[in-house]
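**Student:** Encoded as structure tokens, here's the structure I'll be asking about.
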Amino acid sequence: MAWPVPGEAVASVEIDGNSVFQNLAIIVIFFITGICLRTEEVKDAIRQWVASVTGIILILLVTPTFAFAVNAIPFSPEAYAYGLAIFCLVPTTIASGITLVLAAAGNAALALLLTVVTNILAVFIVPFSVTWVLGSAANDVSISATDLLIKLLITILAPLLVGKFLREAFGKVIKPFVTKYKVPLGMLNNGSLIFIVWQNVSTARSDIVSTPFTDLLAILGGAIMVHVVFLIINTIVVRIFMRRWIPIREGVAVIIMSSQRTLPMAVTVISFLPESLGPTGQLTVPCVMAHIFQVLCDASLAPMFARRVEADDKKKKKKQEGEHGEGGAAVEEEISSDSGGELDGISNGNGVEIVVEDGGKGTGTAAITTSIERATSVNGKRVVFATREDIV
């Protein structure tokens, strides 16, 4: 912001109207994402299909509709509203969301599944949703959904798939490399994103500086409002389904991932929009504000989610111990069987079934008292002993 000349110079290098260095940075971001993308755990999340489908619908269909409301906010200039609307339309975060789900004791495998599926599907959905939302707001602006789709396929999906292919095809080399250089790769990824934002902000410096401070505060308020509304909507939906179909760990993952939005794709989409919508810097500013707030907000909420998950785990454990204790207490009562018979499959008056693994079959009348500590297994009211000596 203080010295925009270098950023303007870098952004001015173009081929056929497309910024060379911005596109290279975008390709680097998604190629690194591809080689670092671990999908081995995704199959574990598929079993929770209700949570998976709920999260995908919330991310790609439900929350993006809020972009229409954002467009109605009278920001000045209107480019700020357009930028925030674009942020509503893109899918969930690629890396930070999974980290936050882990911190909140949620299902990280489900978070990974939502990341992979929604970011791939969004490449085909976002061009048309952007055209629909912004076209209805900016009537004098023409946006080609097909052209935007082709550009996203080239700059996002292609490098992502190439990176993932290299990881799977040359796993013995790529996977140890990614593990060893995880921090430098992360820095390169984040540095590429900052590089794009720097160019956009530099080219729009005069427009941003001329924006009154009160308007910038209003934009920040709009960015905060977007994430808060997403959290409320997603929490209500998950709580409804959690009563029967979605366990708490999966519910936490759905709430966090459905409320987050990915800054790299938002910035990528902005870089391909016509200049008539406004300077790319103005379109980018609300996206950056919203991204920073969502990370800080959900990081502060993560401990609360983790406590809820821990309390639920303790409740389930206590319930299981209570069921086992009920069976064990009943075992210590007298069991009747026929004289001369073996104790196999005898049930006492309390419905506790005693099984002796080396015993024969029959019934008797001898009264026998046993201790649950000698049992080899306890399953509800079915108690198994290895030999008859264990129950005397």
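**Student:** Looking only at the range 46-66, which residues are at pLDDT below 90 and either more than 19 Å from ARG239 (Cα to Cα) or outside the structural domain of ALA85 (by TED's automatic domain parsing) (or both)?
**Tutor:** Scanning the range 46-66 gives ILE46, ARG47.
**Student:** Of everything in the range 208-236 that's part of a helix (DSSP H, G or I) and small (Gly, Ala, Ser), which residue is surrounded by the most Cβ atoms within 10 Å (Cβ to Cβ)?
**Tutor:** It comes out as ALA223.
**Student:** Tell me, which residue of the range 304-318 that is surrounded by fewer than 20 Cβ atoms within 10 Å (Cβ to Cβ) and in contact with a helix residue (DSSP H, G or I) (Cβ under 8 Å, 6 or more places away or on another chain) is farthest from MET242 (Cα to Cα)?
**Tutor:** Step by step, filter the range 304-318, then rank; the result is ALA306.
**Student:** With a cut-off of at least 3 residues that are at negative phi and touching a helix residue (DSSP H, G or I) at 6+ places or on another chain (Cβ under 6 Å), name the helices (runs of 4 or more DSSP H) lying wholly within the range 141-187.
**Tutor:** So the answer is 145-152, 158-169.
**Student:** Considering (1) crowded, with 20+ Cβ neighbours inside 10 Å; (2) at pLDDT 85 or above; (3) hydrophobic (A, V, I, L, M, F, W, C), say which one ALA11 fails and leave the rest.
**Tutor:** (2)
**Student:** Let me confirm something: among ASN18, ASN23, which residue is under 28 Å from the mean Cα position of the chain (by Cα) and polar (S, T, N, Q)?
**Tutor:** It is ASN23.
**Student:** Output yes when any residue across the range 107-119 is outside any helix (DSSP H, G or I), in the same structural domain as ALA290 (by TED's automatic domain parsing) and under 24 Å from the mean Cα position of the chain (by Cα), and no when none is.
**Tutor:** yes
**Student:** Would you point out which residue out of VAL197, VAL178 is over 22 Å from the mean Cα position of the chain (by Cα), touching a residue at least 24 places away in the same chain (Cβ under 8 Å) and surrounded by 13 or more Cβ atoms within 10 Å (Cβ to Cβ)?
**Tutor:** It is VAL197.
The values are calculated or read from the model by the stated rules, or taken from the named source; none is laboratory data. What you are looking at is a predicted structure, and each value in this text was computed from that prediction instead of being measured. Note that each Cβ is placed from the backbone with ideal geometry, even for glycine, and that neighbours are counted across all protein chains shown.
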